[in-house]
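K.L.:
One structure is given below, represented as structure tokens, and several questions about it will come after.
The values are calculated or read from the model by the stated rules, or taken from the named source; none is laboratory data. Just so it is clear, the model here is predicted, and its values are computed rather than measured. Neighbour counts are summed over all protein chains in view; Cβ atoms, including those assigned to glycine, are modelled from backbone coordinates with ideal geometry.
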Amino acid sequence: MDTPLTRVLGPKTAKVMAEQLALHTVRDLLRHYPRRYARRGEMTRLDGLEVGDRVTVLAQVKSVSTRRMQQRRGTLTEVTVGDGAGSMRLVFFNNRHAHLDVGEWGLFAGTVGLWRGDKQFTHPDCHIITGDDDDWARAMVPLYPASKDVSSWVVQKSVKLLMDDAHSLEQLLDDPIPAPVRERHGLVDLATALRQKHRPESQEQVDEADERLKWDEALVLQATLAARRRAAALEPGIARPSRSGGLLDAVDAALPFSLTDGQREVGEELAAELAREQPMNRLLQGEVGSGKTVVALRAMAQVVDAGGQAALLAPTEVLAAQHARSLAAILGPLGRAGELDGDPSGTRVVLLTGSQKAAVRREARAAVADGSAGIVVGTHALLQEGVEFADLGLVVVDEQHRFGVEQRDALRAKGTKPPHVLVMTATPIPRTVAMTVYGDLETSTLRQLPAGRGGVSSSVVPVGEKPAWLDRAWARVREEVAAGRQAYVVCPRIGDLEDGGGKDDDGPDGADGAPPPEEEKAGASDKRPPLAVLDVAEGLRAGPLSALRVEVLHGRMPPEEKEARMRAFAAAEIDVLVATTVVEVGVDVPNATVMVVMDADRFGVSQLHQLRGRVARGKHAGLCLLVTEAPSTSPTGQRLAAVAATTDGFALARLDLETRREGDVLGAAQSGRRSNVKLLSLLHDEALIAEARVEATALVEQGRGLADHPELAAAVAALALDERATYLEKA
Ligand code: ADP
Ligand code: MG
């Protein structure tokens, strides 16, 4: 399987396959599945083609004529082909394919063009099917993802070569799915599946193959995760039982509200797990505003009470600073042990971020190293070398989707023994994603929002169709401010000199901010650049919001300024904050009640849901206005309407999943440019993934674990290797 393709196909074909399709080994080629199958009579119908489509069609030659060109030297060959449903013209120059015979069938690949009102291919790739071509005897001709110099039939021939040559295909292949598992789920063996996928005789064979090959993907992934869970469980950590009269009790006494039932239940679950030696590895998911921070703080307090330290990792500097500030506020003197007005029975909360001045950072690092800082809040900077903990007992990762497995591992490695880990996500995640991307974690969910929330209503403002609605939006902002509230205006871009149209550095990186679906991006270059914070702020100050205090916030401001701006907004010294997505995650100013999202079509579904969570945090009703130029009937317009119509995070997470490609979603768990997930769909294969999880867990935990299943172990190792390679690349 690891044989290089050069040895099988020869250097020329192998080279273009490697360059253009990233196929290097026999395994790669066998796992390069047909995209679909051509059937005589019912393939891409000629009458259904659109100009600009790049397609392969199966058709019969109807006429061939060659003539000298009048304007130029040389000859022109016109071939008409038909498939019963329609016909089209193929054009070749200088006697290429002048030898085609009427009646021959062939596969023709090219880009559909238009000439004098008729559709045509200009010198398409041709593959004439000869009588003794046994492919032609087949009911279904596989059509492969192809590239410029590697056509579908070159792939087909190459695969065929492997299959024919390998009468030993069975011997060549190590089936990663153990026979009993195959039997239990009625799965064909790997060799059969590959034969049926590449050279099927019926749709039933393809379906059977798909089912089996999806199992491969799911089982290897789940076995990887199960092995990770097992390894974590086998390495004991340190028990951090709760103790009365300590920081936790003080926190509970200081809280200005009573916990929701959900917070209490999850709190008990965490308390019990922290008290055990086996490290906790838990995912806490809860709707935006469900109060996860308090749950985390209470867990951190318990660990401090037990003599350990807790680290809280946030995805942006703004959020890290806010967490440090609000933890310090709740703890009061208990968070300033060692300072003049501090309570010596408390601890210290320190902030550690990448952009701090060297002296500040040095001091923070020292407090982390000598243990005087019981609670450490920070960004990625916490992961860096040189940050040493005296006794790291708990790692909390907030709004986790920016952190991959590797980063979690990096932090975990900072404890002398493995610390407990709590990962928090605000975006409710569909069950399949929980089972895959976070499959190495146990899950708790906060379903309830604290009582007395005003809720948030959302509307789309289609400025293309109803320009006056934008004026109305600014009027709403003025009304809210007049009533003593505050507003956010969110833009996709900063707009300063260094800003080449890119996103905010401190904003979330791609992992979660789902970009709009591919198709919709086409032609993006003709569009005007996205609206920018600096421009919009200036326009508002000079125009509709001239009477209000308007300020900006974005990731490229110096950290102290950012921090000061956020503080001023929290203190209501600013009415309107014009910002990038730095406000997306976790920013908590309950008095802010309106959010206007400019160019809302530039944001992903989950991102919009996160954003509007910022104005649903207080007792007043929140309002979120999604401003867009997209027509309300376009796919983009409808996506925004769907976001406006529901606040059900789970429904939106599903919608988000539909508009993204699997590889994007699985990126965090099993990165790699060539995704190992080709057939499995997080949207449609929930039952299969769940079953594979059960099987994988059993395989890993029974007997000698993966050692009893060397084929599966090899596949798991290959996946892990791939992951590590990409991690190194990213780093
Ligand atoms: P998220 O889950 O989105 O991180 P936060 O933890 O930031 O939410 O909490 C949102 C807001 O709700 C904060 O202002 C917090 O103080 C408040 N809050 C948390 N728990 C409760 C509760 N039980 N009752 C009332 N307000 C609460
Ligand atoms: Mg939060």
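K.L.:
Output the residues belonging to the range 328-359 that are surrounded by fewer than 19 Cβ atoms within 10 Å (Cβ to Cβ) and at pLDDT 90 or above.
P.N.:
Ala359 - this is the single residue of the range 328-359 that is surrounded by fewer than 19 Cβ atoms within 10 Å (Cβ to Cβ) and at pLDDT 90 or above.
K.L.:
Evaluate the following for Glu42: is it modelled with pLDDT under 75, farther than 23 Å from Lys214 by Cβ and assigned to a loop (DSSP other than H, G, I, E, B)?
P.N.:
Yes; evaluated as a whole, the condition is true for this residue.
K.L.:
Determine the pairs where a residue that is more than 16 Å from ligand 1 (Cβ to nearest atom), located within the range 239-257, has a partner that is among the hydrophobic types (A, V, I, L, M, F, W, C) and in a loop (DSSP other than H, G, I, E, B) with Cβ atoms under 7 Å apart, the partner being 6 or more residues away or on another chain.
P.N.:
Qualifying pairs under 7 Å: Ala239/Ala275; Arg240/Ala275; Arg240/Ala306; Pro241/Ala275; Pro241/Ala306; Ser242/Ala275; Arg243/Ala306.
K.L.:
Sort out which residues of the range 479-497 are among the β-branched types (Val, Ile, Thr) and either surrounded by fewer than 21 Cβ atoms within 10 Å (Cβ to Cβ) or not in a loop (DSSP other than H, G, I, E, B) (or both), and write them in order of number.
P.N.:
Val481, Val489, Val490
K.L.:
Follow-up. Go through the range 306-320 residue by residue and tally those that are within 12 Å of ligand 2 (Cβ to nearest atom) and assigned to a loop (DSSP other than H, G, I, E, B).
P.N.:
The qualifying residues number 3.
K.L.:
For the condition within 18 Å of Ala223 (Cβ to Cβ), small (Gly, Ala, Ser) and either assigned to a loop (DSSP other than H, G, I, E, B) or modelled with pLDDT of 85 or more (or both), what is the one hit in Ala669, Ala641? Lay out the reasoning, then the answer.
P.N.:
Working: Ala641 fails: within 18 Å of Ala223 (Cβ to Cβ).
Going through Ala669, Ala641 in turn, just one is within 18 Å of Ala223 (Cβ to Cβ), small (Gly, Ala, Ser) and either assigned to a loop (DSSP other than H, G, I, E, B) or modelled with pLDDT of 85 or more (or both): Ala669.
K.L.:
Moving to a separate point now. Looking at the range 301-320, I want the residues that are touching a residue at least 60 places away in the same chain (Cβ under 8 Å) and have a partner that is among the aromatic types (Phe, Trp, Tyr) and away from ligand 2 (no atom under 16 Å from the Cβ) with Cβ atoms under 6 Å, at least 6 apart or on another chain. Which pairs are those?
P.N.:
Correct list of pairs: Gln309/Phe389.
K.L.:
Being modelled with pLDDT of 85 or more, away from ligand 1 (no atom under 16 Å from the Cβ) and either assigned to a helix (DSSP H, G or I) or surrounded by 15 or more Cβ atoms within 10 Å (Cβ to Cβ) (or both) is true for just one of Ala547, Ala568. Which residue is that? Please lay out each step first, then the result.
P.N.:
Values: Ala547 fails: either assigned to a helix (DSSP H, G or I) or surrounded by 15 or more Cβ atoms within 10 Å (Cβ to Cβ) (or both).
One residue alone meets the criteria, Ala568.
K.L.:
Take residues that are within 16 Å of ligand 2 (Cβ to nearest atom) and under 26 Å from Val266 (Cα atoms) and tell me which of the strands (runs of 3 or more DSSP E) falling wholly in the range 408-478 contain 3 or more. Reasoning before the result, please.
P.N.:
On the way: elements: 420-425, 442-446, 456-462.
Passing ranges, in order: 420-425, 442-446.
K.L.:
Out of everything in the range 571-595 that is within 16 Å of ligand 1 (Cβ to nearest atom) and at pLDDT 90 or above, what residue ends up being surrounded by the fewest Cβ atoms within 10 Å (Cβ to Cβ)?
P.N.:
Going residue by residue through the range 571-595, those that are within 16 Å of ligand 1 (Cβ to nearest atom) are 571-572, 581-593, 595.
After this cut, where a residue has to be at pLDDT 90 or above as well, the list is 571-572, 591-593, 595.
Details: Ala571: 10, Ala572: 14, Asn591: 17, Ala592: 28, Thr593: 29, Met595: 27.
By that ranking, first place goes to Ala571.
K.L.:
Which ones in the range 419-443 are touching a Lys or Arg at 6+ places or on another chain (Cβ under 6 Å), modelled with pLDDT of 80 or more and surrounded by fewer than 22 Cβ atoms within 10 Å (Cβ to Cβ)?
P.N.:
Scanning the range 419-443 gives a single hit, Glu442.
K.L.:
Are any residues in the range 571-588 assigned to a loop (DSSP other than H, G, I, E, B), among the aliphatic types (A, V, I, L, M) and within 16 Å of ligand 2 (Cβ to nearest atom), and if so, which ones?
P.N.:
If the condition is that a residue be assigned to a loop (DSSP other than H, G, I, E, B), among the aliphatic types (A, V, I, L, M) and within 16 Å of ligand 2 (Cβ to nearest atom), then Val585, Val587 are the ones that fit.
K.L.:
Here is a further query. Cβ-Cβ distance below 6 Å, separation of 6 or more or different chains: which pairs start in the range 285-297 with a residue that is modelled with pLDDT of 90 or more and end on one that is part of a helix (DSSP H, G or I) and more than 9 Å from ligand 2 (Cβ to nearest atom)?
P.N.:
From residues that are modelled with pLDDT of 90 or more, the pairs are Val295/Gln263; Val295/Val266; Val295/Gly267.
K.L.:
I'd like the residue in the range 360-388 that is in contact with a Gly (Cβ under 7 Å, 6 or more places away or on another chain) and outside any helix (DSSP H, G or I) and, out of all such residues, is surrounded by the fewest Cβ atoms within 10 Å (Cβ to Cβ).
P.N.:
Ser372
K.L.:
Arg96 versus (1) under 22 Å from Ser147 (Cβ atoms); (2) assigned to a strand (DSSP E or B); (3) out of contact with any Asp or Glu (no Cβ under 9 Å at 6 or more places or on another chain): which is the lone unmet condition?
P.N.:
(2)
K.L.:
OK, next. In the range 225-254, how many residues are more than 35 Å from the chain's Cα centre (by Cα), assigned to a loop (DSSP other than H, G, I, E, B) and either within 16 Å of ligand 2 (Cβ to nearest atom) or not hydroxyl-bearing (Ser, Thr, Tyr) (or both)? Even if it seems obvious, please write down each step before you answer.
P.N.:
So in the range 225-254, the residues more than 35 Å from the chain's Cα centre (by Cα) come out as 241-254.
If we keep only those that are assigned to a loop (DSSP other than H, G, I, E, B) as well, we get 241-246.
Next cut, either within 16 Å of ligand 2 (Cβ to nearest atom) or not hydroxyl-bearing (Ser, Thr, Tyr) (or both) only: 241, 243, 245-246.
Selection size over the range 225-254: 4.
K.L.:
Let me ask you something else. Which of (1) in a helix (DSSP H, G or I); (2) within 16 Å of ligand 2 (Cβ to nearest atom) is the odd one out, the single condition Leu259 does not satisfy?
P.N.:
(1)
K.L.:
Continuing with the same structure: Looking at the range 280-309, which of the residues that are more than 25 Å from the chain's Cα centre (by Cα) and within 16 Å of ligand 1 (Cβ to nearest atom) is nearest to Ser444 (Cα to Cα)?
P.N.:
Ranking the candidates gives Val295 first.
K.L.:
I've got another one for you. Regarding Arg264, is this residue of a type in the set (Lys, Arg) and either modelled with pLDDT under 90 or part of a helix (DSSP H, G or I) (or both)?
P.N.:
yes
K.L.:
Could you list all residues from the range 478-494 that are hydrophobic (A, V, I, L, M, F, W, C) and farther than 25 Å from Met557 by Cα?
P.N.:
Val481, Ala482, Ala483
K.L.:
Would you be able to say whether some residue in the range 290-301 is more than 16 Å from ligand 2 (Cβ to nearest atom) and out of contact with any Ser or Thr (no Cβ under 6 Å at 6 or more places or on another chain)?
P.N.:
Yes, the range 290-301 has at least one match.
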